[in-house]
Amino acid sequence: MKHYHHPAWLHALFALSALAIVALVGLAIADEAGRPTKLEQRIVPALGLVERCEQCHATDSHPGDWLTHHPVERFGCTPCHGGQGLGITKEEAHEAALDWERPLFSPLEREAACGRCHGGDEVPGAPNLSRGRHAFRERGCSGCHEVPGEPEPDLAPDLDGLAAKLDPAWVRAWLTDPAVLLPSHAMPRFALTADQIEVLVAFLFTRPAPSLPAVPEDSGDADRGKQAIARRRCATCHVLEGRGGVFAPSLDQAGVKIQKPWFFAYLQNVHALRPRSRMPGFTLPAGEAADMVAYAAEQLVPDTPEMPWSKFDTPVQSERAPEGHALFVKLGCRGCHRVEGLPPLKRTSVPLGNMGDKRAFDLPHQNFIDHVPDVPTWIHFKLWEPRGFDLPEAKPSSMPSYAHLGPDETFALGIAVASLHAAPLPSAYVRPARTASQALPAGETGRLVERFRCLACHRVLGSGGDISRVPLDGEGARTKPEWVASFLKEPLTLRMNQAERMPVLGIEEVDARRLAGWIDVTLGDDRIPPAPPPTEAERDAGAALYGARGCPQCHVVAGQGTMMKAPVLDGAGARLRFDYVLAMLRDGPAVVPARRHPDARLPEAEARAISAWVMSLPGRVEHAPAPQ
Amino acid sequence: MRNTLKNLPRHIYASIFRVGWPADERASIKAMVSSITLHIHAPKIRPGSLGFRASWALGLLSVVALGLLLLTGIYLMFYYIPHPDVAYRTMKDIGYVVPLGRLTRDLHRWAAHGMVITVTLHMLRVFLVGGHKPPREANWVVGVLLWVMTLALSFTGYLLPWDQLAFWAITVGSNMIAAVPWIGPGARELLLGDRIVGESALLRFYVLHCVAIPAVMFALVGFHLFRVRKDGGLIVSEHELPHARHADDGPKLIPAWPHLVYREVAVGLFATALLLAISVAAHAPLEPEADPTRTPNPAKAPWYFLGVQELAHYHAFWGGVFVPAAFVLGLMALPYLDREVRAPGRYFPRERWLACTLFVTLLSFFAAVTVVGTLFRGPGWAFTFWPY
């Protein structure tokens, strides 16, 4: 065979390729040799889970008591922790790889995962989720974003008749940047051009406004007004002279912001001018209203000699009102503010009901930040700087900035939004929000509850606000209706070191009795069993036990006591029910809610004795002094 | 008896290999003719066809890829279950639990993609040397059919992982079929067994991928290779190739064994090693499980159809149906229209500059729209630079 010469490179190719095949297959086998050969696998059929987390993790070392409420047999691991249950090595199970896009949850995502099953604003163990869901409602997110089951927000002032209330210059300054006027503003900052502001003002100030009578000359006294405001406890909700609550708009510039006739008329009948306001329906006498207006004009004004909005003082361009109308609808102002005659709410932005199904890289992220680790963080940035994620060629986002909320709340909102999933879970896993029963009673009592906006502050039967720390549920089982009626007329604190917050609403005697009767009959607590009335012997034994069990550490009786954290017990018999005091001392706060009472769980005899003695204490005339 | 046992290995060897290891040219020709696998080649070949430039080994590489796909595919079939409830999970188990499952799947994936590329380049190469002209017209048509079937095999296999990538690529791909006038929607429903990609689509794609198309494919590959030999072997220009310059020094024809066979085995080993290296370095993607309610944006067809998707974006019928169909039919009609043999075996000869320019332009156009569709199309199919 003469022609059997293969070139050298061909031999090299042959040999090297054969060697490479052996080496590469060997490498693959060696790589697999390190993998476990025995599988610890958990299957949760109801959720369609197959998980191998227990290959490495022992469930009995799980921190906290989470697994007692969420047995791993029923919930598996990945619904709360994310990751890839089918993975066997740490890398496969924990990390994002080319072939797995959901790595282990970040702490934010983990909290959002609670919301997959748990509905409602109060999710136990998930404070940020709870806060975020609450904020979602409070900030009116659903005015622009569709979320299933989320109603149209009802928060911001109606804008009808604005011309009677505000100065156009003030509105222009407000729309430019609300933070300049009020550091604690609720309205987000829209990035509006001067021209856009001009047409919005034209629209709002050409709406029909009521003609209101002027404040009578020299009728108000600023000092009396200040006292009246303190007596009514306006500062529970409003900021006044730098101090007060955050539940209602700050009144620090009310003296120059609000036109006097409007202010005067409003205080005399709040709901006549603002039927949907959350403010209780105060109907102040004209004199008191005039005093408050005078006080506002004197004290509730900015420190600076020049008003921050004076440079915006130009005539309203009324002819541009139709443009303003269109812009009002387009920007989604209608989402929070109502104006008569506008069509029903049509949400202007994207629905959020499936944000929990998305991953951070599903969301646009150009121009702003390269790497957003998770959806809650993305939402946090989006709230902070809404145009930061705009795609290069898209028109700029019209979402307003919520930077004023602060990072805690924007992250909480991110968690709440990331808890929204489109796909339903098996119904056995769904923990719906406690359904709010119809808390408003019918008839005249219902009208009173509505007029005084009891549910704006108090929770009743699962609905209502949380401004008050006293839920009214069970109040009828705790206190006596006579005391409730007197408290409604004149709400004086029971705790010496606590600011008085309940506004003095000016409730008439007959109305107070009606409300107290409703609380007595309707808002009971069946965890408190009826007990036989106390005997005199028990009462006598109770005096010594009261001291022996340490009650004076917190409670004050006849001026005796130390820490003053707890209610004064003088006159407790006129206020409290024996059954309640007994049950609380005997069964403890876990069974019978008492706001801050220690878990006493005394023996029946001792509990009866102390209760009997407390109920016998005489009332004292003087109460804690009202705060200034 | 003792001798019988002693000689058993030799007897077994001799019963299989009639000729033995060839020691001379005569024996080597006998070896080529007597073996069913080797007689696909002529016993003697022209030296010119050995040169790398003669073929770039593209046809051989395609056959090697096909062989690897067969082997790895059978292994994967042991574990894969074509039902939406479990398909994705069996894919995960192939990746995580099955011995060498991930390597097998990676090899299968990359070999499939590689085959799409080598078959396409093979076609380009054959055209540039005029290999489609008489007497090879029929084999060219078979080759075009094999190219189409390679794409069909890849397309049907694309659905089987049942992940988001698979589901939406096939949804997009099958929607392009629906753009065919009159029969389109019906054809899509026939292919999917439903109006959407679901249980019956998965089963149909599985059967097409594992049984129907491979059966036809292997028959056609046999025919294709047989006709290569019967149509005169590899087309080579005797004037250009280095062996031919010294034609006086050597014989006109040389035995296929061992010159050709050794080269083929070496190239086959090299291709296998290369695919193994790619598989060890890069794993086949497996996205989250298919979710009909979550449409990725953009939803893209398999990459080799992204040129068509890009064209379909301009016009569903003209871009998405007419141009590709006209291209394939035109390819098949080509050798019957362009019959004059000029400068055979030379790449891009001056005599055929127009045809070659047109063909290269056409393929470059498809390559360009494929690149645009793959890399530069973002959400809403909007043009975008990195990252898409």
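The values are calculated or read from the model by the stated rules, or taken from the named source; none is laboratory data. None of these values were measured; they are calculated from a predicted model. Glycine also receives a Cβ, built like all others from the backbone with ideal geometry; neighbour counts cover every protein chain displayed. Calculation scope for accessible area: heavy atoms of the full protein, side chains included, ligands and nucleic acids excluded. Shrake-Rupley method; radii C 1.70, N 1.55, O 1.52, S 1.80 Å.
With an 8 Å Cα cut-off and a minimum separation of 6 or more residues, compute the relative contact order for chain A in percent.
13 percent.
Any idea what Rg and Dmax come out to for segment B:106-261 if you just take the C-alpha atoms, in Å?
20.6, 67
Quick one: check the C-alpha center-to-center distance for segment A:156-215 versus segment A:320-356, whole angstrom.
Segment A:156-215 and segment A:320-356 have Cα centres spaced 16 Å from each other.
Roughly how tilted is helix A:107-117, in degrees to the nearest 10 and between 0 and 90, from the longest Cα axis of chain A?
70 degrees
For a quick check: with amide H placed at 1.01 Å from N, whose amide H comes under 5 Å from A:Gly464's, ignoring anything fewer than 5 positions away on the same chain?
The answer is none.
Could you sort A:Lys38, A:Lys480 by accessible area so the largest value comes first, with the probe set to 1.4 Å?
The residues order as A:Lys38, A:Lys480, largest area first.
Could you tell me the relative contact order of chain B? Use alpha-carbon pairs under 8 Å, at least six residues apart, and round to a whole percent.
The normalised contact order for chain B reaches 25 percent.
Relative contact order for segment A:132-188: what is it in percent, counting Cα pairs under 8 Å that are at least 6 residues apart?
RCO, segment A:132-188: 21 percent.
Order B:His108, A:His5, B:His11, A:His185, most accessible first, counting only protein heavy atoms with a 1.4 angstrom probe.
The most accessible residue leads, giving A:His5, B:His11, B:His108, A:His185.
Rounded if a/c is under 1.5, else prolate if a/b is larger than b/c, else oblate: which is segment A:495-550, with a ≥ b ≥ c the root eigenvalues of its Cα gyration tensor?
Since a/c reaches 1.5 but b/c is at least a/b, the shape of segment A:495-550 is classed as oblate.
What whole-number volume per residue, in cubic angstrom, does the convex hull of the C-alpha atoms of segment A:162-328 give?
Once divided by residue count, the hull of segment A:162-328 is 125 Å³.
Using a 1.4 Å probe and ignoring any ligands, DNA or RNA, find the accessible area of B:Tyr75 and quote it in Å² to the nearest 10.
60 Å²
Across peptide B:264-270, what mean number of C-beta atoms from other chains lies inside 10 Å of a residue's C-beta?
That average works out to 5.
How long are the semi-axes of the ellipsoid equivalent to chain B, from square roots of 5 times the Cα gyration tensor eigenvalues, in whole Å, largest first?
40, 30, 18
Compare the Cα positions of A:Ile43, A:Leu27, A:Pro127 along the charge dipole of segment A:1-140 (+1 at Cβ of Lys, Arg; -1 at Cβ of Asp, Glu; about the Cα centre) and return the one farthest towards the positive end.
Result: A:Leu27.
For chain A, find the longest principal axis of its Cα atoms and tell me its angle to the long axis of helix A:407-418, 0 to 90°, nearest 10.
Compared with the principal axis, the helix lies near 60 degrees.
For segment B:126-148 and segment B:347-388, write down the distance between their C-alpha centroids in whole Å.
If you average the Cα positions of each part, the centres end up 22 Å apart.
Can you give the charge dipole size of segment B:42-359 about its Cα centre, rounded to the nearest 20 debye, using +1 on the beta carbon of Lys and Arg and -1 on the beta carbon of Asp and Glu?
For segment B:42-359, the charge dipole is close to 840 debye.
Taking only DSSP H segments of four or more residues, each worth -39500 (n - 2.57), what value at 222 nm results for chain B once the sum is divided by all its residues, to the nearest 500 deg cm²/dmol?
Result for chain B: -19500 deg cm²/dmol, rounded to the nearest 500.
Please report the accessible area of A:Trp518 (heavy atoms, 1.4 Å probe, ligands and nucleic acids excluded) in Å², nearest 10.
So the heavy atoms of A:Trp518 present about 30 Å² to solvent.
With a 1.4 Å probe and all protein chains left in place, how much accessible area per residue does segment B:42-359 have, in Å²?
About 45 Å² of surface per residue is accessible.
For chain A, what does the helix formula give at 222 nm: sum of -39500 (n - 2.57) over DSSP H segments with n ≥ 4, over the residue count, nearest 500 deg cm²/dmol?
Result for chain A: -11000 deg cm²/dmol, rounded to the nearest 500.
If the limit is 23 Å between Cα atoms, which of A:Lys226/A:Lys480; A:Lys330/A:Lys395; B:Lys30/B:Lys252; A:Lys311/A:Lys395; A:Lys90/B:Lys92; B:Lys6/B:Lys30 go over it?
A:Lys226/A:Lys480; A:Lys311/A:Lys395; B:Lys6/B:Lys30
Per-residue accessible area for A:Val350 at 1.4 Å probe radius, Å² rounded to 10?
90 Å²
As a test of the definition: with a 1.4 Å probe, what buried accessible area, both sides summed, do you compute for A against B, in Å² to the nearest 100?
3400 Å²
What is the angle, in °, between the Cα long axis of helix A:194-204 and the longest principal axis of the Cα atoms in chain A? Nearest 10 is fine, range 0 to 90.
Helix A:194-204 sits at roughly 50 degrees to that axis.
Placing unit charges on C-beta atoms (Lys and Arg positive, Asp and Glu negative, everything else neutral), compute the dipole magnitude of the protein assembly as shown about its Cα centre in debye, rounded to 20.
Dipole of the protein assembly as shown, to the nearest 20 debye: 4120 debye.
Count, for each residue of B:96-109, the Cβ atoms from other chains sitting within 10 Å of its Cβ, then give me the mean as a whole number.
Average neighbour count from other chains, rounded to a whole number: 3.
Please give me the summed charge of the neighbours of B:Val372: other residues whose Cβ is under 14 Å from its Cβ, Lys and Arg +1, Asp and Glu -1.
+1
Decide, for chain A, between rounded, prolate and oblate: order the square roots of the alpha carbon gyration tensor eigenvalues as a ≥ b ≥ c, take rounded if a/c falls under 1.5, and otherwise choose prolate if a/b is larger than b/c, else oblate.
Verdict is oblate for chain A.
Within chain B, what is the longest stretch that has no GluC sites (Glu not before Pro) placed in a DSSP loop and near at most 16 other beta-carbon atoms within 10 Å?
B:1-237
Probe radius 1.4 Å, ligands and nucleic acids ignored: give me the carbon and sulfur share of the accessible area of chain A as a rounded percent.
Using a 1.4 Å probe with all protein chains present, chain A comes out at 58 percent carbon and sulfur.
Among all helices in chain B defined by DSSP H, which have a length of 15 Å or more along the axis from Cα atoms plus a Kyte-Doolittle mean of at least -1.0?
B:58-77, B:101-128, B:137-159, B:164-177, B:213-230, B:256-281, B:323-337, B:353-375
Among B:Ala316, B:Ala326, B:Ala138, which one shows the biggest mean-square fluctuation in a GNM of chain B, springs joining Cα atoms closer than 10 Å?
Evaluated over chain B, the most mobile residue of the options is B:Ala326.
Can you return the aspartates and glutamates within cross-link range of A:Lys565? Criterion is Cα-Cα under 20 Å, with same-chain partners fewer than 8 residues away left out.
Leaving aside aspartates and glutamates fewer than 8 places away in the same chain, those within reach of A:Lys565 are A:Glu500, A:Asp599, A:Glu622.
Is the shape of segment A:437-522 best called rounded, prolate or oblate, per the rule: a/c under 1.5 gives rounded, else a/b larger than b/c gives prolate, else oblate, with a ≥ b ≥ c the square roots of the Cα gyration tensor eigenvalues?
Rounded shape, in that the Cα axes give a/c under 1.5.
Work through the residues other than A:Leu67 whose Cβ is under 15 Å from its Cβ and net out their charges, Lys, Arg +1 and Asp, Glu -1.
-2
Which net charge results when you count Lys and Arg as +1 and Asp and Glu as -1 among the other residues whose beta-carbon is under 14 Å from that of A:Gly244?
Counting the neighbours of A:Gly244, the net charge comes to +2.
Only Lys, Arg, Asp and Glu count, each charged at its Cβ (+1, +1, -1, -1), so figure out the dipole size of segment A:437-522 about its Cα centre, rounded to 20 debye.
Taking the Cα centre of segment A:437-522 as origin, the dipole is about 200 debye.
Can you give me the Cα centroid spacing of segment B:67-123 and segment B:279-325 in angstrom?
19 Å
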